[in-house]
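The values are calculated or read from the model by the stated rules, or taken from the named source; none is laboratory data. The model shown is predicted, which means the values in this text are computed figures rather than measured ones. Cβ atoms come from the backbone with ideal geometry, glycine included; neighbour counts cover every protein chain shown. Areas reflect the complete protein model, heavy atoms only, side chains present, ligands, DNA and RNA absent. Shrake-Rupley method; radii C 1.70, N 1.55, O 1.52, S 1.80 Å.
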Amino acid sequence: MPSPKYHRILLKIGGEALLGKRDYGIEVEATHQVAKQIKKIHQEKVQIALVIGAGNIWRGVAGSKNGIERATSDYMGMLATVINALAMQDALEKIGVDTRVQSAIEMKAVAEPFIRRRAIRHMEKGRVVILAAGTGSPFFTTDSGAALRALELKCDVLMKATKVDGVYDKDPLEHPDAKKFATISFVDAIKDKSIAVMDASALSLCMDNHLPILVFNLFQNGNLKKAVSGEPIGTLVK
Ligand code: UDP
């Protein structure tokens with residue numbers, strides 16, 4: 001592989017990536033597929049921080065629509081990200097990738113607390129740092145957690161793994177003539193609600209601090225490696 005374009009990345013994976021063929025929870029095989037892709041870039045000495053969502057288990061907004069207080073429901077979502085983080089830790093370590101889980105909500109028996117300088121040190125030592133519990137605060141999403149941590153940890157890019165291969169002018173599943181953007185501006189991504197790269201607070205945090213976001217499809221084998229080498233895949237928001 002050509003030498004990586006990005007040396008330290010924050011990879012954000014939605015909880016749905018762990019669903020596999022299930023409609024709820026975790027399919028172990030799906031965690032292994034994700035882990036294998038991560039291993040390929042880890043072998044190229046790319047430093048990796050991983051943020052995982054929990055859409056496969058619990059989303060705060062959905063719970064609050066069913067009558068659970070929003071803050072409580074959000075904490076439930078954050079706890080669910082810890083479950084996903086442990087599943088990813090297991091999958092990565094099974095294939096020989098050293099990891100540490102750090103949680104924004106203290107949970108000493110299963111994870112270190114999030115300590116910025118320690119997270120950086122782990123990456124320098126070649127460990128993948130899995131960041132659980134988002135920002136640790138309700139009313140946010142793991143996308144915001146990813147943006148925040150990417151900035152704190154001085155990552156070169158926030159890579160947002162999705163099921164589509166970038167940002168289109170309309171839904172590519174419904175419109176075969178939909179056009180993919182190679183790059184878009186933060187302003188357009190925030191203004192155009194149909195684009196839906198990330199929620200507005202995550203986007204504005206990245207925009208204000210000049211952190212590029214690469215949206216790409218993790219489910220095409222080899223894509224993560226291509227993304228890290230700077231091959232033109234996905235859509236770059238900058
Ligand atoms: N969450 C939160 N604060 C955070 C991160 C996450 O309250 O900083 C909660 C929120 O309820 C969210 C849930 O955790 O719905 C799961 O995260 P998210 O929806 O971002 O997961 P994804 O869509 O990436 O799978």
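Please give the number of the condition K12 fails out of (1) within 12 Å of the ligand (Cβ to nearest atom); (2) charged (D, E, K, R); (3) part of a helix (DSSP H, G or I).
(3) is the only condition that K12 fails.
Please indicate, with yes or no, whether at least one residue in the stretch 39-51 is within 7 Å of the ligand (Cβ to nearest atom), assigned to a helix (DSSP H, G or I) and modelled with pLDDT of 95 or more. Show your work before the answer.
At the first step, the residues of the stretch 39-51 found to be within 7 Å of the ligand (Cβ to nearest atom) are none.
No, there is no match, as no residue in the stretch 39-51 is within 7 Å of the ligand (Cβ to nearest atom), assigned to a helix (DSSP H, G or I) and modelled with pLDDT of 95 or more.
Quick check on the stretch 145-160: of everything there that is open to solvent by less than 10 Å² (accessible area, probe 1.4 Å) and part of a helix (DSSP H, G or I), which residue is nearest to the ligand (Cβ to nearest atom)?
Narrowing the stretch 145-160 to residues open to solvent by less than 10 Å² (accessible area, probe 1.4 Å): 145-147, 150, 153, 157-159.
Those still in the list that are part of a helix (DSSP H, G or I) too: 145-147, 150.
Details: G145: 4, A146: 8, A147: 10, A150: 14 Å.
The qualifying residue nearest to the ligand (Cβ to nearest atom) is G145.
In the stretch 92-106, which residue that is buried (at least 21 other Cβ atoms within 10 Å of the Cβ) and without any contact (Cβ under 8 Å) to a residue 40 or more places away in the chain is nearest to the ligand (Cβ to nearest atom)? Explain how you work it out, then say what you get.
Residues of the stretch 92-106 buried (at least 21 other Cβ atoms within 10 Å of the Cβ): 92, 99, 101-104.
Within this subset, residues satisfying the condition of being without any contact (Cβ under 8 Å) to a residue 40 or more places away in the chain are 99, 101-103.
Details: T99: 19, V101: 15, Q102: 14, S103: 11 Å.
If we take residues in the stretch 92-106 being buried (at least 21 other Cβ atoms within 10 Å of the Cβ) and without any contact (Cβ under 8 Å) to a residue 40 or more places away in the chain, then S103 is nearest to the ligand (Cβ to nearest atom).
So that you can scan it fast, the table gives a plain yes or no per residue for (1) under 20 Å from the mean Cα position of the chain (by Cα); (2) surrounded by fewer than 18 Cβ atoms within 10 Å (Cβ to Cβ):
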residue	(1), (2)
P172	no, yes
H175	no, yes
A178	no, yes
V187	no, yes
I195	yes, no
V215	yes, no
N221	yes, yes
A227	yes, no
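In the stretch 107-128, what count of residues is obtained for those that are exposed (fewer than 12 other Cβ atoms within 10 Å of the Cβ) and over 25 Å from E44 (Cα atoms)?
Residues that pass the stated criteria total 3.
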